[in-house]
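Structure, as structure tokens:
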Amino acid sequence: MNKHQSVIVFTSESKDSLVKNGGSRAWRAVISKLEQAEYLICTQNTNKLHEHDPQIAHGQAFYIGRIQNIEIVEDDRKFIQVSEYAFLPNEAKFKEAWKRLTQGESNKSQQYPIRYQGTKELFEILDLNVDTLDWIKVDQKKNIEEPKTFISVSLPELIEEARQKISKAANVSPDKVTIQISF
């Protein structure tokens, strides 16, 4: 599958947290879109009361990772795991990145903290050349030590779980629930 899309998140996670976790955690996101993404870009949300780095401005892009895997965690939230990452330099072109990437005709930034965008367009807007960055491989062994509540789910398992939940909500037998996927 050719991946030509990236995901941008508006996060209060710190650099240390992203490194420690090997990616960005707990997103309510569309898994099919995340699975098509090749890069994760983190922009800073300083409006939250926890974790953010004081030296990074609100809305500034500061972290990029090559997406390795998407895991489903508690409450159907998604963990975006990266294989390697780089910190973006503290330069003017990365300031107000969230606003530049998400503002619409109203000239206001998008309120939902996740955006999907074509990688080529994203890199053009940010004037970003990933070949000039100092990439750091994620130490998978280091991340294994910390217990995580990941639940990897295959498509058949996911469909069966959905069938069970729908049948319960509709008060019908699971064999009466049909799920159709079209591509």
Checklist entry - Taking R0 as 45 Å, what's the FRET efficiency between residue 92 and residue 161 from their Cβ-Cβ distance, rounded to 0.05? => result 0.45
Checklist entry - Could you give the nm distance between label points at residue 110 and residue 46, where each point is 7 Å from its Cα heading toward the beta carbon? => result 2.3
Checklist outcome for this item: Listing 8, 181 by rising number of other beta-carbon atoms within 10 angstrom, fewest first, gives 181, 8
Checklist entry - What would the Debye formula give as log10 I(q)/I(0) at q = 0.21, 0.30 Å⁻¹ for the alpha-carbon point model of region 1-49, no solvent? => result -0.80, -1.23
Next on the checklist: To make sure I understand, if each residue's beta carbon is the centre and we count other beta carbons within 10 Å, what order do 112, 85 fall in, fewest to most?
Outcome noted: 112, 85
Next on the checklist: I'd like the Karplus ³J(HN,Hα) series for region 20-29: coefficients 6.51, -1.76, 1.60, θ = phi - 60°, whole numbers in Hz, and an x wherever there's a Gly or Pro.
Outcome noted: 4, 8, x, x, 10, 10, 6, 9, 8, 9
Item to check | Violating pairs (Cα-Cα greater than 31 angstrom) within the set 33/168; 20/168; 33/165; 20/95 | outcome: 20/168
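Computed from the coordinates by the stated procedures, all read-outs in this text should not be read as laboratory data. Here the structure is a predicted model, which means the values were calculated and not measured. In this analysis, Cβ positions are derived from the backbone assuming ideal geometry, glycine residues included, and neighbour counts consider all displayed protein chains.
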